[in-house]
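The values are calculated or read from the model by the stated rules, or taken from the named source; none is laboratory data. Values in this document were obtained by computation on a predicted structure and should not be read as measured data. As a convention, Cβ positions derive from the backbone with ideal geometry for all residues, glycine included, and neighbour counts pool all protein chains shown. Surface areas here come from the heavy atoms of the whole protein model, side chains and all, with no ligands, DNA or RNA. Shrake-Rupley method; radii C 1.70, N 1.55, O 1.52, S 1.80 Å.
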Amino acid sequence: MAQRASGRIDGLEMAARLGFAARAVTYGAVGYLTLRLGRTEDNQGALGFVQSTGGGIVLALMALGFAGYGLWRLSEAAVDSEGQGSGAGGIVKRLGGAISGVVHLSLCWAAVRLLVWGERSAGNAAEMGASTALRWPGGRIALIVVAAVLIGLAAYQIVKAVKLGFLKHLEPRAAGQAWVAWVGRAGYLARGIVFAATGVFMAQASRNSRASDAGGLEQALDSFPESLRITVAAGLLLFGVFSAVEAVYRRITDTQVIERLSRGAARLAN
């Protein structure tokens, strides 16, 4: 029984590390396209670029990585493997992890569609989601809630950047490197700015009852003045570098996490 649990945890760790690598490639591509080619793209656009340059094998590995990362984040949220607790702050952090899990599972599906059928989702995903919400009763309220969550996540990213909270998840030999701290700080600040912009877009869509006001990563970059767009793109590129560091040095299955995952899995099984 213990061997099976250990095997599942080892598999989860490998999948999560591949997911960090996939995230590194995605953010690296988004930053590179903006800085080098002056072309803004969202995550799905980055996947198309990766396929055109790295081929199907790289995209297939990224799909596996997104699936592993998404499942890992969902399992973290479900069993509270990081000990966030059941207080308001802990619930918000776990909810953020669950949202991240769903987003990365959707990126897995986008990569599979691109790989197998050559299909890429058309249009602005945030706009399509807002359009669907506005067709239902209470849709404007739902969009306000989404906007609040996005702005809350933006604040969380910025706090992590300022306090270097992301370093606690790394092995000491990586966390002690000054360049890792600065690369991570720049990356989290850039992500915070993007989340804040997308939250504002969603709030505008709710206020105006107009789905076209909603926007994601690509629309956020396009809305910034050139100097800010370049700065944020550079930060996203650095976040890709930091994700590559996490793929190697992230503490995923330390003793406490293993114990919590095991207890959580037992609770879910019962």
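See the values below:
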| read-out | value |
| --- | --- |
| List R73, R251, R207, ordered by accessible area with a 1.4 Å probe, largest first | R207, R251, R73 |
| Long-range HN-HN contacts of L170 with modeled amide H, under 5 Å | R251 |
| Values of log10 I(q)/I(0), in the order q = 0.22, 0.23 Å⁻¹, for segment 144-241 under a Debye, Cα-only, solvent-free model | -1.05, -1.10 |
| Charge sum, other residues only, whose C-beta stays under 12 Å from S206's C-beta, Lys/Arg counted +1 and Asp/Glu -1 | +2 |
| Carbon/sulfur fraction of accessible area - segment 192-236, other protein chains in place, 1.4 Å, % | 56 |
| Probe 1.4 Å - accessible area at D222, Å² to nearest ten | 90 |
| With 5 Å bins from 0: P(r) over segment 34-185, alpha-carbon pairs, percent | 2, 8, 12, 14, 18, 20, 15, 8, 3, 1, 0 |
